[in-house]
1. Considering only residues that are among the small types (Gly, Ala, Ser) and exposed (fewer than 15 other Cβ atoms within 10 Å of the Cβ), look in the stretch 42-60 and name the one that is farthest from GLN80 (Cα to Cα).
2. For residues that are among the hydrophobic types (A, V, I, L, M, F, W, C) and more than 28 Å from MET79 (Cβ to Cβ), tally how many sit in the stretch 1-32.
3. Which of (1) under 21 Å from VAL84 (Cα atoms); (2) open to solvent by 50 Å² or more (accessible area, probe 1.4 Å); (3) in a loop (DSSP other than H, G, I, E, B) is the odd one out, the single condition VAL4 does not satisfy?
4. When the residues of the stretch 7-27 are narrowed to those that are at pLDDT 85 or above and open to solvent by 70 Å² or more (accessible area, probe 1.4 Å), which ends up farthest from ALA81 (Cα to Cα)?
5. In the stretch 61-108, which residue that is of a type in the set (D, E, K, R) and crowded, with 19+ Cβ neighbours inside 10 Å is nearest to VAL4 (Cα to Cα)?
6. Please work out which residue is nearest to GLY5 (Cα to Cα), limiting yourself to the stretch 33-51 and to residues that are free of Cβ contacts under 8 Å to residues at least 24 places away in the same chain and part of a helix (DSSP H, G or I).
7. Please go through the stretch 76-103 and pick out each residue that is in a helix (DSSP H, G or I), more than 14 Å from the chain's Cα centre (by Cα) and farther than 20 Å from LYS17 by Cβ.
8. Can you find a residue that is of a type in the set (S, T, N, Q), modelled with pLDDT under 90 and closer than 20 Å to LYS102 by Cα anywhere in the stretch 43-60?
Amino acid sequence: MRIVGGGLRGRRLASLKGTDLRPTSDRVREAVFNIIEHGPDYPEIPGASVADLFAGTGAYGLEAMSRGAAHATFIDNDMQAVAVIRRNSAHLGLERQTTLLKLDASRL
C-alpha cells in the first residue's frame, strides 16, 4: 500500500497482518480523490481539515494530507490500528498535523 498522489506520492504505508483489517486499495483511493478534486461542487483539499473515521491504516487521511490538507483527525477503536496510524504519520513526517483518537466512530 502506498500514497498515490500529491507531494508524498509513492511513499509506502505500513498495514496490519491478518484479515481483520481490509485496507482500501490504491486504485480505489485514487478514484475517490480524482472525483473529489475534479468534481464541480466539491471542496478544495489544500488547507482543509479532514476526518478519517474507521481509519485502519490512516490511508485516506494521509492521502488527503499528501494532496495539501492541513490537518487530519484519525478515529479507530483498535489499538493495533492506532499504532499503525501513528507509525505511518511519523514515517511521512506528518505527526504534528494529525490528531489520533482511539474511539468507536459509530458512537460519535
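The values are calculated or read from the model by the stated rules, or taken from the named source; none is laboratory data. Bear in mind the structure is a predicted one, so any value in this text is a computation, not a measurement. Ideal geometry is used to build each Cβ from the backbone, glycine not excepted, and the neighbour counts take in all protein chains shown. Note: areas computed on protein heavy atoms with side chains; ligands, DNA, RNA excluded. Shrake-Rupley method; radii C 1.70, N 1.55, O 1.52, S 1.80 Å.
1. Going through the qualifying residues, I end up with GLY47.
2. Matching residues across the stretch 1-32 total 1.
3. The one condition VAL4 does not meet is (2).
4. Among them, the one singled out is GLY7.
5. Out of the qualifying residues, it is GLU63.
6. ASN34
7. Hit for the stretch 76-103 is ARG96, nothing else.
8. no
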